[in-house]
1. Just to be sure before I move on: is residue 28 in contact (Cβ under 8 Å) with a residue 24 or more places away in the chain, under 28 Å from the mean Cα position of the chain (by Cα), part of a loop (DSSP other than H, G, I, E, B) and not assigned by TED's automatic domain parsing to the domain that holds residue 243 in the structure I sent?
2. For the range 48-78, which residues satisfy the criterion of being of a type in the set (S, T, N, Q) and assigned to a helix (DSSP H, G or I)?
3. When you check residue 263 against the structure, is it surrounded by 22 or more Cβ atoms within 10 Å (Cβ to Cβ) and touching a His at 6+ places or on another chain (Cβ under 8 Å), yes or no?
4. Could you run through the range 231-246 and say how many residues are in contact (Cβ under 8 Å) with a residue 60 or more places away in the chain and in a helix (DSSP H, G or I)?
5. What number of residues in the range 303-336 are more than 27 Å from the chain's Cα centre (by Cα) and assigned to a helix (DSSP H, G or I)?
6. Suppose we keep only residues that are exposed (fewer than 14 other Cβ atoms within 10 Å of the Cβ) and within 24 Å of residue 340 (Cα to Cα) within the range 148-172. Which one would you say is modelled with the lowest pLDDT?
7. On the given criteria, is residue 89 β-branched (Val, Ile, Thr), touching a residue at least 24 places away in the same chain (Cβ under 8 Å) and within 23 Å of residue 111 (Cα to Cα)?
Amino acid sequence: MPSLKEKLERYLVENAKIPLDQRVFFTENLRVMIHAGLSMSEALNTLSLQSESKTFRKIITEVKENVESGKSLSFGLSKFPRTFAPIFISMVQVGEVSGTLEENLQELTTQMKKDYELRSKVKGAMTYPAVILVAMLGITTGLIVFVLPKLLDVFKEFGDVQLPLPTRILMSVSDFVQANGILVAIGAAILVILFIAFARTKRGGKILDAAILKSPIIGPIAKKVNLARFSRTVSALLKTDIPVVQAFTITSDVLSNIHYRTAILEAGEKIKKGETISQVLGRHPKLFPPLVVQMVYVGERSGTVDSLLADIANFYEQQVDNVLDNLSSIIEPILILTLGFMVGGIALAVITPIYALTQSIAES
C-alpha cells in the first residue's frame, strides 16, 4: 500500500499544470522523432531526458512505460488531463487509429503555437496597465499612511478654523487608516478572496464574463480572442476527421469565456439534431458576428469548413495583434487622467487649507 508521501507525490504529478511552451516543445519534437523513424518508446525516453521540468519528466516516463506495456499513446496521455487537454488526447487517438499520428501532431503543434502566441501577446499588453495601477495604489497608500498624517497634524492644531471639505475627508480617511490599519488590510484581503470565490461560481462566472464582453476596451479584445481560439481549434479538429459534434464539445473546454463555452455546447446539441453549423452560430449574433456565420455557410456549401475556419482564425489573430499594438496608446491617457485626478485631489486637499489658515492669521 502506498505511503502518504507517495500518494501526495502522485496527486501532484497527476494534477500538475505544465507550461504551454513545454507542451509545445514536447509535441513538436515527438513529431520530428517519429518522422525520423524512432520508435515511440525511444522518442518518449529522449523527451523525458530533455525535459527541464522534473514533474513533466515523470509524466513522460510514465507515458513511456504505458506504451512499453502495450498500451496506446493516447491511453497514457489520458492519465494526465491537467497536462494534456481533451483536444490533445482526441487528436492523438484519431491519429493512432487512422495512421496519421505525425500529421495530427503537426496540427497540434501549429494550434498550440498559435494559442501560445495569442496568450503571450494578451498578457504582455495587460502588463503595462497592471503595473501602473499597482503603482498608483501603492503611491496613494504610502501618501495616506506615511506622508499626509504629518502634514495634516499641522491643520489639526488650528481647531478654530473651518477646513475645506476635501481636507476634512482626507483627514478622516487618514485617521481611520492609521487607527485601523490591520483591519483595513484584513478587510481588503477578505474582499479579494470573496471576489475570487464568487468569480469561480457558475453565476459569478457568468456575470463577470458578461461584464468583460460588454466592457468598452477589453470586451472587443475578449471577443476576438475567443473567436480566434474557437476557429483555430475547430479547424484543427475537423482536419483530423473528428466528428463535428465531438469537435464542438472539445472546443468548449478550450474557450475562456463561459458564454462562448455554453453557446458551443448548445451548438453541438443542435448539430446532433440535424442543424448546420452556420445555423446554430447564427442564433448567437452577439457572440458570432455575421462574418463568421457567412464564412462558415460558404464553407459548408463548398466542403471547406476547416480551411475557412483557419482563415477566420488568422483574421482575428491579426485583429488582436493590431488592437494590442495600439492598446497602450489607448489606455495611457486614461491612466494619466486617473493618476492626475488622484494626485490633484490630494494636492487640493492639502494646499487649500493653507490659504484658509493664512487668511485666518491675517484677520487675527
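The values are calculated or read from the model by the stated rules, or taken from the named source; none is laboratory data. Note that the coordinates shown come from a computational prediction; the quantities given were computed from them, not determined experimentally. Cβ: placed from backbone, ideal geometry, glycine included. Neighbour counts: every protein chain shown.
1. Working: in contact (Cβ under 8 Å) with a residue 24 or more places away in the chain: yes; under 28 Å from the mean Cα position of the chain (by Cα): yes; part of a loop (DSSP other than H, G, I, E, B): no; not assigned by TED's automatic domain parsing to the domain that holds residue 243: yes.
No: the conditions fail for residue 28.
2. If we filter the range 48-78 for residues that are of a type in the set (S, T, N, Q), which is where we start, we get 48, 50-51, 53, 55, 61, 66, 69, 72, 74, 78.
Within the range 48-78, 48, 50, 55, 61, 66, 74, 78 qualify.
3. yes
4. So the first thing to find is which residues in the range 231-246 are in contact (Cβ under 8 Å) with a residue 60 or more places away in the chain, and the list is 231-242, 246.
Subset that is in a helix (DSSP H, G or I): 231-239, 246.
Counting residues in the range 231-246 that are in contact (Cβ under 8 Å) with a residue 60 or more places away in the chain and in a helix (DSSP H, G or I) gives 10.
5. Taking the range 303-336 first, the residues more than 27 Å from the chain's Cα centre (by Cα) are 303-305.
Of the ones still in play, those that are also assigned to a helix (DSSP H, G or I) are 305.
Total meeting the criteria: 1.
6. 150
7. When the stated conditions are applied, residue 89 does not pass them.
Yes/no matrix, rows are residues, columns are (1) within 17 Å of residue 65 (Cα to Cα); (2) not charged (D, E, K, R):
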site	(1), (2)
4	no, yes
10	yes, no
13	yes, yes
16	no, yes
30	yes, yes
33	no, yes
41	yes, yes
54	yes, no
